[in-house]
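> The structure is given below, and queries will be raised subsequently.
The values are calculated or read from the model by the stated rules, or taken from the named source; none is laboratory data. Since the structure is predicted, the reported quantities are computational estimates derived from the model, not experimental observations. Here Cβ is always computed from backbone atoms with ideal geometry, including for glycine, and neighbour counts include all displayed protein chains.
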Amino acid sequence: MAGALKRFIPLFDRVLVQKAEAITKTSSGILIPEKSVAKVLIGKVVAVGEGARSENGATIPPVVAVGDEVMLPEFGGTKVTLEEKDYFLFRDSDLLAKFKGE
């Protein structure tokens, strides 16, 4: 991990995600037009906040951890650019699913 990314810590229940790359070329080498490329709804968790706070002040830990592969909503998230790479900041509750490790 690079320096700026190591220092970036999301607050509360926020999760920093790097979206997977869209497939723009088939296995046989045919280029897919930009309009035909499907939206990427899968990403990898890069950084996680401490968790949300309950009404009594207790910390509710996030469901995901760094390195988890998650399914993202079609819309939403805040775009963050660190060291010329794009990441997206979501709330823990906005994430749709977590892929189980093998």
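> Among what's in region 34-53 and is surrounded by 13 or more Cβ atoms within 10 Å (Cβ to Cβ) and of a type in the set (D, E, K, R), pick the residue that is modelled with the highest pLDDT.
The qualifying residue modelled with the highest pLDDT is LYS44.
> Got a number for residues in region 1-31 being surrounded by 13 or more Cβ atoms within 10 Å (Cβ to Cβ) and either modelled with pLDDT of 75 or more or touching a Gly at 6+ places or on another chain (Cβ under 8 Å) (or both)?
Of the residues in region 1-31, 11 are surrounded by 13 or more Cβ atoms within 10 Å (Cβ to Cβ) and either modelled with pLDDT of 75 or more or touching a Gly at 6+ places or on another chain (Cβ under 8 Å) (or both).
> Hey, LYS39 hits all of (1) of a type in the set (D, E, K, R); (2) within 16 Å of ASP86 (Cβ to Cβ); (3) out of contact with any strand residue (DSSP E or B) (no Cβ under 8 Å at 6 or more places or on another chain); (4) not in a loop (DSSP other than H, G, I, E, B) but one; which does it fall short on?
(4)
> Go through region 71-97 and count every residue that is at pLDDT 90 or above and at positive phi.
The total comes to 0.
> Oh, and also: How many of the residues making up region 54-93 are exposed (fewer than 15 other Cβ atoms within 10 Å of the Cβ), free of Cβ contacts under 8 Å to residues at least 60 places away in the same chain and either part of a loop (DSSP other than H, G, I, E, B) or not polar (S, T, N, Q) (or both)?
Final tally of qualifying residues: 17.
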